[in-house]
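Notes to accompany the following structure.
The values are calculated or read from the model by the stated rules, or taken from the named source; none is laboratory data. In this text, all values refer to a predicted model and were calculated from it rather than measured experimentally. Don't worry about glycine lacking a Cβ; one is built from the backbone with ideal geometry, like all the others, and counts go over all protein chains shown.
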Amino acid sequence: MLTREQKEHQVAELTEKFGRATCVYLADYRGIDVKAANQLRGRIRGEGQGEFEYRVAKNTVLRRASVDTDAAGIVECFSGPTAVAISFGDPLRLARILVDFAKDHEAFELKGGLLEGHPIDEVQIAALATLPPLEVLRARIVGLVQAPATKIARLLTEPGAQLARALAARGEQGEG
């Protein structure tokens with residue numbers, strides 16, 4: 001049994017984490033054995049490299065921690081056994097980990113979450129998991145931005161290249 005001081009410390013800690021998190025995902029872990037839960041924790045810790053956190057918390061602690069934060073919008077998800085997965089970085093990678101785990105363990109059920117301050121449901125979490133990694137999205141955007149510049153550069157150099165080819169062809173004709 002936790003003391004009042006320990007609960008207050010947990011509330012303060014979660015309030016701070018809710019405030020700086022890019023996303024918070026909630027899950028019902030009922031029916032997951034200890035071995036599977038430890039595998040999930042290990043994967044989150046390993047792939048998150050300090051950006052992700054996974055913990056089980058009492059709903060009363062979660063409710064109190066969510067007051068005056070964006071997490072107040074997901075209070076209705078704080079029922080039954082609740083596991084909280086928090087990302088301070090890439091929300092897509094954490095969603096992918098949780099959705100993959102849910103596919104392998106039917107008892108693990110995503111309840112909903114919070115993404116950049118906006119409540120989301122389990123369907124939206126699953127949709128996030130299907131998006132390409134953040135690095136790929138950034139590369140695509142850079143490619144889209146660079147494409148017009150490349151075309152302009154090609155258009156500007158083409159007349160000079162045509163002249164050079166014409167002179168080269170004329171020079172070959174004169175030699176022959």
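Quick check on segment 81-94. Is at least one of its residues hydrophobic (A, V, I, L, M, F, W, C) and over 30 Å from R4 (Cα atoms)? Write out each step before concluding.
Step one: of segment 81-94, the residues hydrophobic (A, V, I, L, M, F, W, C) are 83-86, 88, 92, 94.
Checking the rest, the ones that are also over 30 Å from R4 (Cα atoms) come to 92, 94.
Looking through segment 81-94, at least one residue is hydrophobic (A, V, I, L, M, F, W, C) and over 30 Å from R4 (Cα atoms).
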Members of segment 67-90 found to be farther than 16 Å from K111 by Cα and in a helix (DSSP H, G or I), listed by number: D70
One residue from P159, P132 being in a loop (DSSP other than H, G, I, E, B) and on the phi < 0 side of the Ramachandran plot: P132
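Would you check if V99 is assigned to a helix (DSSP H, G or I), within 22 Å of K7 (Cα to Cα) and out of contact with any Asp or Glu (no Cβ under 6 Å at 6 or more places or on another chain)?
On the way: assigned to a helix (DSSP H, G or I): yes; within 22 Å of K7 (Cα to Cα): no; out of contact with any Asp or Glu (no Cβ under 6 Å at 6 or more places or on another chain): yes.
Taking the combined requirement at face value, the residue does not satisfy it.
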Residue count for segment 124-150, restricted to those that are farther than 20 Å from E47 by Cα and touching a strand residue (DSSP E or B) at 6+ places or on another chain (Cβ under 8 Å): 1
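Yes/no matrix, rows are residues, columns are (1) in contact with a Phe, Trp or Tyr (Cβ under 7 Å, 6 or more places away or on another chain); (2) assigned by TED's automatic domain parsing to the domain that holds A36; (3) among the small types (G, A, S):
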site	(1), (2), (3)
G80	no, yes, yes
V99	no, yes, no
A107	no, yes, yes
I120	no, yes, no
A126	no, yes, yes
V145	no, no, no
G160	no, no, yes
L167	no, no, no
Q173	no, no, no
When you look at K17, is it under 21 Å from the mean Cα position of the chain (by Cα) and either assigned by TED's automatic domain parsing to the domain that holds D68 or more than 21 Å from D121 (Cα to Cα) (or both), yes or no? yes
Scanning for something loosely packed, with under 15 Cβ neighbours inside 10 Å, among the β-branched types (V, I, T) and part of a helix (DSSP H, G or I), does segment 38-55 turn up at least one residue? no
What are the residues in segment 9-54 that are in contact with a Lys or Arg (Cβ under 9 Å, 6 or more places away or on another chain) and more than 16 Å from L98 (Cα to Cα), if any? Q10, V11, L14, T15
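Could you identify the single residue in A126, A107, A102 that is touching a residue at least 40 places away in the same chain (Cβ under 8 Å) and surrounded by 14 or more Cβ atoms within 10 Å (Cβ to Cβ)?
Working: A126 fails: touching a residue at least 40 places away in the same chain (Cβ under 8 Å); A107 fails: surrounded by 14 or more Cβ atoms within 10 Å (Cβ to Cβ).
Checking each option against the conditions leaves just A102.
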